[in-house]
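See below for the structure under consideration.
Since every read-out is calculated from the coordinates, none of them should be taken as a lab result. Here the structure is a predicted model, which is why all the values come from computation and not from measurement. Heads up, the Cβs are rebuilt from the backbone with ideal geometry, glycines too, and the neighbour counts pull from every protein chain shown.
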Amino acid sequence: MIFRQLFDSVSGTYSYLLASRAGGEALILDPVLEKADRYCQLLRELDLKLVKAVDTHLHADHVTGLGELRDRTHCITIMGDQSKADVVSMRVSDGDKVTIEGLSLDVLYTPGHTDDSYSYVMGDRVFTGDTLLIRGTGRTDFQNGSARSQYESIFNRLLKLPEETLVYPAHDYKGDTVSTIGEEKRYNPRLQVRSVDEYIELMNNLKLPNPKMMDVAVPANMHVGLHQEELAKEGRALSVPEAMLALGRPDILLVDLRESGERAKHGTLAGALHAPYPSIEDNLKPGGMLREVAAATGRRIVFFCAFGERSAMAVAAAKDAGFLNAAHIAGGMDAWKKAGGPVLAA
Ligand SMILES: [Fe+2]
């Protein structure tokens, strides 16, 4: 496994680059905008293809690198269901898995620091975001934070992991890089409380100043979605009502870009072909499945995904591959469902 802990000294943020092998797919957790050049250089040096960028929560102390990395690498951006970010490619909830080639992360909803805080368990290690820090815990006094939920998340979820589980937080200000669940149980001063009420009392009396970057970071992190105005202007974005009329038309080739887990959870559209986004370039090149089907049937490709971001990137990839009229459903399944569109079990 390739595992890199990367540090941003300005915000004290740890980001993590994960991959199962050189030459393979990679995932990055909690990337920082200003470090995008460094991440991209490291990806080249290690011969990795970034396919997923995940934020554990909406950060208040630095601007996320999610949007920048998506623009540069066409990766999928991921946050939790509760996140107030405008658009990410994929949203996850407790019990989901985030997978790339050779690696799988279990998604744990651990609210408290914010109401969109998640932790990710991968084998012998857990990425705790700002829920559990080394000898500390994330503050709970803004962004719908709750000391009570954080107590539940820590004591009833994270501390239930095996004691030897390695703890990799999203921040450290003292230079510590890793801990274990057992170590934190015994030596984290915030966790030496006898009751949830005692924890709440402790957390409500920290009297911390707001993060320096907060007024910049929070609004910026709420607007990470891909700009899609051009696509709409070029007539390559179908609104949901337009897409509803196109449903079942013989000249349209509907393509579902989501993963099997998302299809099982949210359903799909009648007649849609399944072609997951990470393989889009292979599918569009000569001999690729989508190229063959589109050529054989003469149909116009219409992509859709969860929120319209992967499909917008797929339209661009299709254009590069010579499919000038490919389009997508703006807003994806989310917008489709909100408009009451018919959904099929996948
Ligand atoms: Fe945070």
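Normalising the average separation of contacting C-alpha pairs (under 8 angstrom, six or more residues apart) by the number of residues puts the relative contact order of segment 295-341 at 44 percent. Note on R21 and R72: the model spin-label points, each 7 Å out from Cα along the C-beta direction, lie 2.6 nm apart.
Both numbers refer to the Cα atoms of segment 229-338; Rg and Dmax are 12.5, 37 Å. Applying 1/(1 + (r/R0)^6) with r as the Cβ-Cβ distance of R300 and D141 and R0 = 51 angstrom yields a FRET efficiency of 0.50. State which entries of K160/K207; K97/K337; K49/K338; K84/K285; K35/K265; K84/K174 exceed 32 angstrom in Cα-Cα distance in the structure shown. Beyond 32 Å: K49/K338; K84/K285; K35/K265. With the simple spin-label model, which puts each label point 7 Å out from Cα in the Cβ direction, the Y173 to M214 separation comes to 1.3 nm.
Once the piece of chain linking D106 and L344 is laid out straight, how much longer is it, given 0.36 nm per residue of separation minus the C-alpha distance between them?
83.0 nm
Evaluate 2.2 N^0.38 Å with N set to the residue count of segment 17-131, then give the Cα radius of gyration divided by it. Before the final figure, lay out the partial values.
On the way: Rg = 13.3 Å, N = 115, 2.2 N^0.38 = 13.4 Å.
Normalised Rg, Cα atoms only: 0.99.
With both labels modelled 7 Å from their Cα along Cα-to-Cβ, the N205 to K160 distance reads 3.0 nm.
Give me the extension gain from E292 to K185: residue separation times 0.36 nm, minus the current Cα-Cα distance, reported in nm with one decimal. Mind showing how you got there, number by number?
Working: separation 107, 0.36 × 107 = 38.52 nm, distance 5.66 nm.
Separation in residues times 0.36 nm, less the Cα-Cα distance, equals 32.9 nm.
Please build a GNM for the chain, connecting alpha carbons under 10 Å apart, and tell me which residue among E184, E25, E230 fluctuates the most. Answer for the Gaussian network model of the chain: E230. Multiplying the residue separation of L46 and R249 by 0.36 nm and subtracting their alpha-carbon distance yields 68.5 nm.
In plain terms, the bigger the Kirkwood radius, the slower the diffusion; for segment 84-164, with that radius from Cα pairs, at 25 °C and 0.890 mPa s, Stokes-Einstein puts D at 185 µm²/s. Calculated over segment 2-221, the projected area of the Cα convex hull averaged across directions stands at 10.9 nm².
What per residue convex hull volume, in Å³, do the alpha-carbon atoms of segment 128-180 yield? If you can, show how the numbers build up before the last one.
Details: hull volume 3.8 nm³, N = 53.
In segment 128-180, the Cα convex hull volume per residue is 72 Å³.
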